[in-house]
Each structure stands twice: as structure tokens, then as C-alpha cells.
1. When both residues are 6+ apart or on different chains and their Cβ atoms are under 6 Å apart, which pairs have a first residue that lies in region 12-40 and is at pLDDT below 85, and a second that is open to solvent by 90 Å² or more (accessible area, probe 1.4 Å)?
2. So, of the residues in region 109-126 that are closer than 20 Å to residue 84 by Cα and either modelled with pLDDT under 75 or in contact with a Cys (Cβ under 8 Å, 6 or more places away or on another chain) (or both), which turns out to be surrounded by the most Cβ atoms within 10 Å (Cβ to Cβ)?
Amino acid sequence: MATGQQVNFDKSSVFFSTNTSSATRHAICTRMGIQEVSEHRKYLGLPSTVGRNKNVVFGYLKDKVHKKIQTWDNKFLSRAGKEVLIKSVIQALLAYTMNVFLNPVEICNDIERSISQFWWRSSSKKDIHLMKWDKLSAHKVNGGGGFRDFRDFNFL
């Protein structure tokens, strides 16, 4: 009341645990004048609810990375160009989600695999991976590529 700010009930929503009865849900929503959030809704670009199958919920991260990499595949990029794209776009794309949620290992591994394939891809169709991801994700001072290990980053 002191600031004069008010709640925008059109933008407000509530979600309930699975063991909340539908009568209780309806009563709360009616009393507060807000809607119940749908299961697959997003807020600030993140899923509102996370169920048991986290691979499905966070599968959109894999899709985002794959789409970005596919747009870069047709371009002739040097190693330095690829490094800049990976570090400034892909790693930044995942940072917000990884700061909020603990992502499944399978998602992190799949994203790292996509990055590694993009990194080693050349104009010839034979992709030879000269270093494991563990080495690529090591710090440059230690002889690595300086790429982010997403599982480790997710724990920070």
C-alpha cells in the first residue's frame, strides 16, 4: 500500500502438488482470483514445474544447442571462430538454466557431444576427435581447450 503497487492477477498463476484435491485447487484459485498454471508452462524461459522425467523437461536445451550448431555448420569457420561461438553463445545459452536447475547427466553429455562434434568437424566428412572431452574441458593453462564442463558447472 505504501508504494502504490498492485498485483496483476492476469499475469499471476499458482501451481499445486499432485496430492492437492481439485476442490481445494478450485477454492484457492477462486478466492485469490488467479488461474492454475498448466503443467508445461514456462516462466522466465524456464519450466514452471519439473516432474520425474527431467530428460523430457530439459530436452529443449539439447534442441536449442543442436539448432544453433546446425546454423553454423554451413559456414567455413576457423578453430578460433568455432571457439568464440561455443564459448560466447552455447555456454551462455545454458548458464541461466544451469544456475537454477540441476540438469540430468544425459542432457549435459549430449550437449557436450554435440559441441565436440562441431569442434572437430572439418570440410572433409571424416571427423577425427584428437582429444577427449575431459581434455577439451580442462583449463588452457593445463593444455586443454578451456571449454566448460557442463556437469561441473551445474554444481557450482
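The values are calculated or read from the model by the stated rules, or taken from the named source; none is laboratory data. The model shown is predicted, which means the values in this text are computed figures rather than measured ones. As a convention, Cβ positions derive from the backbone with ideal geometry for all residues, glycine included, and neighbour counts pool all protein chains shown. Areas reflect the complete protein model, heavy atoms only, side chains present, ligands, DNA and RNA absent. Shrake-Rupley method; radii C 1.70, N 1.55, O 1.52, S 1.80 Å.
1. 13/35; 37/15
2. 122
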